[in-house]
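Below: the structure, in structure tokens.
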Amino acid sequence: MDEQQSSRSAWPDPPNYFKRYTNENLDLLKQSRKNGAFPEQLVNTPSVPEFQLKALEPPLPPTDEYTVFDQKWQINDHLPTLEELGVKQIYPEDSIDRVQELKKLNRSLIVQYLELLDVLEKKPSEYGKHIENISTILLNMHHILNAYRPHQARETLRLLMEHQLAKKRQQTAELKA
């Protein structure tokens, strides 16, 4: 095995700009904050290339969205309505029994699938409408399920915490015995 490779750290070195954060530069930053203006001239430190003092300021926290690996993520994650997604909503808008609605949509999906098979057998050129109906039904089913996700997450967390509590109580009882 190569000695040089075995002596390397498992973690990468910090970026070089950490050397900018000297006590002198942080004092200059505090003074600039008090004055409300950052100097235009570059800060010249022997061990670091020149930089502007404003570069020491931390970035503002994201307010609406942030980007990770070129994907944008929303801060306030909410489930968009089917109308916002441009999909026709099949189930009623008021409070619904999710299980019953999913069963209805599942039956409708099966009927649409059988109709699609029938159309493909008799008039293959007219399959588009049935594919669109199946897609709409599936999107409605997914929307109902996704609306249930926060409740599912809370319940899963509650059960996990109850399990941990029971396990710790059991361990405490074993230690006392």
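The values are calculated or read from the model by the stated rules, or taken from the named source; none is laboratory data. Only a predicted model underlies this, so the values are computations on that prediction, with no experimental measurement involved. Virtual Cβ from ideal backbone geometry, glycine too; neighbours counted across all protein chains shown. In case anyone asks, the SASA skips ligands and DNA or RNA and just uses the protein heavy atoms, side chains included. Shrake-Rupley method; radii C 1.70, N 1.55, O 1.52, S 1.80 Å.
Starting from the stretch 70-156, pick out the GluC sites (Glu not before Pro) whose DSSP state is loop and whose Cβ has at most 12 other Cβ atoms within 10 Å.
Those that pass, being in a loop and sparsely packed, are Glu93.
Quick check: pseudo-label points 7 Å beyond the Cα along Cα→Cβ at His142 and Tyr66, how many nm apart are they?
In this crude label model, His142 to Tyr66 measures out at 2.6 nm.
Under a point-charge model restricted to the Cβ atoms of Lys and Arg (+1) and Asp and Glu (-1), what is the dipole moment magnitude of the stretch 126-165 relative to its Cα centre, in debye to the nearest 20?
It comes to approximately 140 debye.
Taking 0.36 nm per intervening residue step and subtracting the Cα-Cα distance, what contour gain separates Ser135 from Tyr113 on full extension? Mind showing how you got there, number by number?
Working: separation 22, 0.36 × 22 = 7.92 nm, distance 1.07 nm.
Here the segment from Ser135 to Tyr113 would lengthen by 6.9 nm.
Measure off, as a whole percent, the carbon and sulfur share of the 1.4 Å-probe accessible area of the stretch 43-160, all protein chains present.
Percent of accessible area from carbon and sulfur atoms in the stretch 43-160: 57.
Could you name the lysines in cross-link range of Lys34, using Cα to Cα under 29 Å and dropping any fewer than eight places away on the same chain?
Hits, sequence-local ones excluded: Lys19, Lys54.
Bin by bin, in steps of 5 Å, what percent of the Cα pairs in the stretch 55-98 do you find, going until the bin that has the longest distance?
5, 14, 14, 18, 14, 10, 10, 7, 4, 2, 3
Simple spin-label model, 7 Å along Cα-to-Cβ: Ala173 to Leu85 in nm?
That separation, rounded to one decimal, is 4.6 nm.
Label points 7 Å out from Cα along the Cβ direction at Arg98 and Ala153: separation in nm?
1.3
May I have the convex hull volume per residue, in Å³, for the Cα set of the chain?
Cα-based convex hull of the chain, divided per residue, equals 456 Å³.
Write out the chymotrypsin sites (Phe, Trp or Tyr not before Pro) in the stretch 40-128 meeting two conditions: DSSP loop, and at most 12 other Cβ atoms within 10 Å of their Cβ. Mind showing how you got there, number by number?
Working: sites: Phe51, Tyr66, Phe69, Trp73, Tyr113, Tyr127; in loops: Phe69, Tyr127.
Qualifying residues, ordered by number: Phe69.
Given a 1.4 Å probe, how much area per residue of the chain is accessible, in Å²?
Computed with neighbouring chains in place, this is 87 Å² per residue.
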